[in-house]
Each structure stands twice: as C-alpha cells, then as structure tokens.
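A short reminder: the numbers here are calculations on the coordinates, not readings from a lab. The shown structure was predicted, so the numbers you read here are calculated from the model rather than taken from an experiment. Glycine also receives a Cβ, built like all others from the backbone with ideal geometry; neighbour counts cover every protein chain displayed.
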Amino acid sequence: MSGNPHHQTTPSGRPRARAFGIRFDGTPGPFNAITDVAGVAVGYSTLISGEGALVVGEGPVRTGVTAILPRPRAELATPVFAGIFGQNGNGELTGSHIIEETGAFNFPITITNTHSCGVSRDGTLRWMQRVLPAALDSGWGLPVAAETYDGFLNDINGHHLGFEHVAAALDGATSGSIEEGSVGGGTGMIAFGFKAGSGTASRLVEWYGRRYTVGAFVQANFGTRSNFTIRGLRAGPDLVAPAIHESTPRAEKGSIIGIVATDAPLLPHQMKRLARRVPLGVAMTGGFGYHSSGDIFLAFSTANREAAMAPSGRIASADFIPDTDIDPFFDAVIGSVEEAILNALAANDDMTGRDGNFAPALPKAWLKSKFGARQRK
C-alpha cells in the first residue's frame, strides 16, 4: 500500500480506494490524479440544498459542475491533440464533431447533469470571453461539455445550475490533489447502486529513459449492483445491502464520462486509441455498457504545442511515440480509469435527495474486512 498521503485521502480527508488496502497495477503519479499531467487543472461548483418532496424549480438540489482545464489559463486557446470514443451513445459530449474532424480541441472541458449541459457549454464561452477575449475575437468556440443524469436525487428539471456556477468552477480550477466523490458534476451521481460521482487517478509510464504521465477523470453514474467488481472480486453478490431506497421509481439512466490526459507525444489517431481503452477500465469494475448508459470518452495530449499552433504556409512537425510502443499507455489508461471509478465510490457518504430517494455509500467496514485482510497477509 502506498505511503503517499495524497494516494490515501482527498484534501478534505475523505478516504480513497487505496486507504482500504486495495492494490492496483502500475505506478501512480504524486497526486494519483489527472492533475499529475503538468498544466491540467480541475475545479468544481457543488450545489446541495433542500430536503423532502420534489418541487420543480425549488429542489431538493443535488447537482453541480466540474471544470477541467487541459492547459494553463493563458494557453487555453492553444489546441490539444485529442480523440473520442463512444462505447454507448446514450448521452452527450459537445464539440465531438470537430474533434472527429480535426483531432483537436481547445478551451476547458465541463461535466454536469444532463439538463444543464448547454448551460455549462455556454458558460464556458462566457468565461473565455472574460478571461481570454482575444481567443474569440475572430473565430468561433466549440467547447467540450458532457453530462450524466442525476434526476433520481436532484431536481434536474429545476435548472439550478447557472452561468455563475460554471464560472466559479473554472475560476477555482487547481492542480495538485483534488476532491472526489459527491462534488461538482458528480454530486448527484450513483454507480452500482452506491453513491458515486467524481473520481480520478494516474499512472506513470517509462519509455526508453523518459517518463510520461497518464491521468484519468471520471463522472461515474452507471452499473448494476450485481455486476460490481473490485480487483477481480465479484463484490455485488456480497453487497445486497445497504440498498437504494426508491420513494419514486428509479429509471435506469446511468452513464459514465471519462477524460484521459497525458503529456506523452501522441497523435490524434493515437489519442482515439487511448479513448477506446477506457471501456476496458470500466469493465474491470463491472460496467457493461447497457442500453441506457451514455459511455463517452475523450483523451487528449498536452504535448506538441507548436504543431497544434502551426501557422499557415509552413510544414508542421510533431513528435510521436510509435504505435508499436503504445501498449504501456493502454495499461495506464485502463488502470487509472478502474481506480478513478473506485475512488469515486470510496470517497463518498450516504445521500438522500428528492422525495426521500436514498443512495447508500459503499460500506467502508466491508472494504476494510475484504481488502485490509488481504493487505495483512
């Protein structure tokens, strides 16, 4: 078990998966987070208010927005090479068409609830106009905004997320250790019948004397309890209780958004290959891409800045790792996504939302009994 305190707990002291003795493949970065990739920052706005019966427009509110900055603020107009993959397309990620066409995007990424995706997209443009107005002087903006559904716990049709919350998440984005669990866009999310939400992890990759970082961030809101798996242990059959309490019927509308970042020099087609490996990390936890799930994944590289900004009329040159050497990066994606999902579950508490609907936390005592015992052997 890692002795790095950032690997054990979030900044607020919430436990991460490794705190329970769960062992993972690969070597994490210093913060075991997507922010281990230099220049990447994450910010949140979390909205929690109200109790009791749903009154549309009033609450209860259990939602928020997550902002991921792929480059430092002053460089957000500079594109990053990128690729996307939709394992199951019952969801939304704006900007996907231009990423497919050009293999790149710029501006921050936001993730929120399904019915606020447009607000987070437009809020990003308003924020960019304020902080980097030159980026929009003579061009258009097509920012990435993604969503998962939180209507079981949240007054999703009340549209409580505003432009000010998007701006606060973007303004507050930081590097280093970041919170996980019921924060930001993950506030009202559920995975495998347990309270879930935002999670992150990273892996270091050694390549011929050079070290690169791969980081993942997930908004986890998917999966059925019976399929839940932790490091090969089919946990679902052991965890019939505690159960979700449904005061109102819970429609199966789960999804997962996965964002992968790396500082390795990889080309757009290689970033798409990394995005295609995210579902393998999801499957390691028991996510099978069911019909109603929006399983949508984006991978980007912060390398090759000069090539991404190459002016007209000149040959652009980009470095890249050969495809024949890409397998360790696949390992890093799969491992960091798997751990990010389990971190989203571990760093959580019970939550009661609209109409008394209740999502239990993954039982900490059970985790200790199963994986702490393994650690002591």
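Note on the stretch 149-266: Rg/Rh from Cα positions, Kirkwood definition for Rh, rounded to two decimals, is 1.04.
Annotation for the stretch 9-92: GluC sites (Glu not before Pro) lying in DSSP loop with at most 14 further Cβ atoms inside 10 Å of their Cβ are Glu51, Glu58.
Tell me the net charge near Arg71. Cut-off is 14 Å between Cβ atoms, Arg71 excluded, with +1 for each Lys or Arg and -1 for each Asp or Glu. Computed value for this residue: -1. Taking 0.36 nm per residue of separation and subtracting the current Cα-Cα distance, fully stretching the chain between His245 and Ser312 would add 18.2 nm.
Electrostatic tally near Arg305: other residues with Cβ closer than 10 Å to its Cβ, Lys and Arg +1, Asp and Glu -1, net -1.
Of the chymotrypsin sites (Phe, Trp or Tyr not before Pro) found in the stretch 187-253, those that fall in a DSSP loop while having at most 11 other beta-carbon atoms within 10 Å are Tyr208. Charging the Cβ of each Asp and Glu at -1 and of each Lys and Arg at +1, and nothing else, the dipole of the chain about its Cα centre rounds to 1080 debye. Using the alpha-carbon positions of the stretch 17-95, Rg (one decimal) and Dmax (whole number) come out as 18.2, 47 Å.
Mean separation of Cα pairs under 8 Å and 6+ residues apart, divided by the residue count of the chain: what relative contact order is that in percent?
On the way: 1033 pairs, mean separation 94.7, N = 377.
Relative contact order of the chain: 25 percent.
Relative to 2.2 N^0.38 Å, what does the C-alpha radius of gyration of the stretch 89-203 come to as a ratio? Two decimals please. List each step's numbers first, then the result.
Working: Rg = 14.9 Å, N = 115, 2.2 N^0.38 = 13.4 Å.
Against the compact-globule rule of thumb, the ratio is 1.12.
For the stretch 244-301, the relative contact order works out to 57 percent when only alpha carbon pairs closer than 8 Å and six or more residues apart are counted.
The C-alpha radius of gyration of the chain, expressed as a fraction of 2.2 N^0.38 Å, stands at 0.93. Could you tell me whether the stretch 1-48 comes out rounded, prolate or oblate from its Cα gyration tensor? Rule is a ≥ b ≥ c as square roots of the eigenvalues, rounded for a/c under 1.5, then prolate if a/b exceeds b/c, otherwise oblate. Judged from the Cα gyration tensor, the stretch 1-48 comes out oblate (a/c at least 1.5, b/c at or above a/b).
Between the beta carbons of Trp366 and Arg305, assuming R0 = 45 Å, the FRET efficiency works out to 0.45 to the nearest 0.05.
Since only Thr213, His269, Gly151 are under comparison, the one whose Cα sits farthest along the positive direction of the charge dipole of the chain, derived from C-beta charges on Lys, Arg, Asp and Glu, is Thr213. For the stretch 14-148, the relative contact order is 21 percent, taking Cα pairs closer than 8 Å that sit 6 or more residues apart in sequence and dividing their mean separation by the residue count.
Net charge within 10 Å of Glu339 by Cβ-Cβ distance, Lys/Arg positive one each and Asp/Glu negative one each, not counting Glu339 itself?
Numbers: positive: Arg16, Arg18, Arg203, Arg231; negative: Asp25, Glu338.
Net local charge, Glu339 excluded: +2.
Computed from the alpha carbon positions, the gyration tensor of the stretch 58-126 leads to an equivalent ellipsoid with semi-axes of 23, 17, 9 Å, biggest first. Compactness check for the stretch 1-145: Cα Rg over 2.2 N^0.38 Å is 1.25.
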